[in-house]
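Below: one structure, written as structure tokens.
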């Protein structure tokens, strides 16, 4: 791919004075079928210059995401701030968040994500996005072949106190029965532990195909769930506290064999290498196809408040 061939999301900019009303009118004129077609063709759409405020956000999201989903079984730290609208992440701002497709570890995942910039960062803080088919193609054949059998995810969710997320926050309920009803059709195995925590084990494929285009894409979070993805110092510190299989989250190959750290580094680095940054200004929105595009986050300074919502 040459420099002139680099893909980027499609920018859709306000005309004239713009305003949120212009955006909602243009989305209504486009209609849901054309919006779906355009998103599949472009993979990502950036809406700039419309000055969307929090007061107008619900109306815009209703058009971009016809069926907003709750972040149930999500593993990232977030705060719910509206009707199935969440902070995009509360991961420390000095760190990069590597590329991933949202909830690719789960039995079902959102088809679309919409990000909204309420407060632009002082510096940095872009949302990088990468073509997930390109990401797959960029990996060495040895790595792709090793993952052909899929991956095994392990979650250890505490009962309100401990490392990582609690099962109550993860499943947005305090009812064990509700959790079991959610997990029953997913093919996961689970057990309630003596300390009140929950252990969930799921075997998932490492790739998937887009339902409309048929494109095969890299679609797992092995690099984010693997101890090597934490960095040497953090991984070493956790190893002093917990055995690897008791970490808040961990991943192996589907047969339980370990994933080499060098594979994890290659997956992480190639995803970031091929990513395109979407820089934020207050009021911007980014809509992505969650199968065709993976996303992450660059480090930043300042406040940076980006919200996210998702739909099937």
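Some points to look at:
A quick yes/no check of all residues on (1) surrounded by 19 or more Cβ atoms within 10 Å (Cβ to Cβ); (2) over 18 Å from residue 44 (Cα atoms); (3) assigned by TED's automatic domain parsing to the domain that holds residue 206:
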| site | (1), (2), (3) |
| --- | --- |
| 91 | no, yes, no |
| 95 | no, yes, no |
| 100 | yes, no, no |
| 114 | yes, no, no |
| 119 | no, yes, no |
| 122 | no, yes, no |
| 126 | no, no, no |
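- Among (1) at pLDDT below 95; (2) surrounded by fewer than 22 Cβ atoms within 10 Å (Cβ to Cβ); (3) in contact with a strand residue (DSSP E or B) (Cβ under 6 Å, 6 or more places away or on another chain), the one test that residue 70 misses: (3)
- Subset of the range 121-161 (residues that are under 30 Å from residue 282 (Cβ atoms) and part of a loop (DSSP other than H, G, I, E, B)): 121, 122, 125, 126
- Any hit, the range 90-97, residues being outside any strand (DSSP E or B), closer than 30 Å to residue 19 by Cα and free of Cβ contacts under 8 Å to residues at least 24 places away in the same chain: yes
- Count - residues of the range 132-167 that are more than 20 Å from the chain's Cα centre (by Cα) and within 15 Å of residue 200 (Cα to Cα): 2
- Test: residue in the range 200-215 that is assigned to a helix (DSSP H, G or I), in contact with a helix residue (DSSP H, G or I) (Cβ under 6 Å, 6 or more places away or on another chain), at pLDDT 95 or above and over 30 Å from residue 58 (Cβ atoms): no
- Within the set 255, 232, the sole residue that is modelled with pLDDT under 95, more than 17 Å from residue 294 (Cβ to Cβ) and surrounded by fewer than 20 Cβ atoms within 10 Å (Cβ to Cβ) turns out to be 232.
- Residue check for residue 164: assigned to a loop (DSSP other than H, G, I, E, B), in contact (Cβ under 8 Å) with a residue 24 or more places away in the chain and buried (at least 16 other Cβ atoms within 10 Å of the Cβ): yes
The values are calculated or read from the model by the stated rules, or taken from the named source; none is laboratory data. Every value quoted in this text rests on a predicted model; they were computed, and no experiment measured them. All Cβ positions, even for glycine, are placed from backbone atoms using ideal geometry, and neighbour counts span all protein chains on display.
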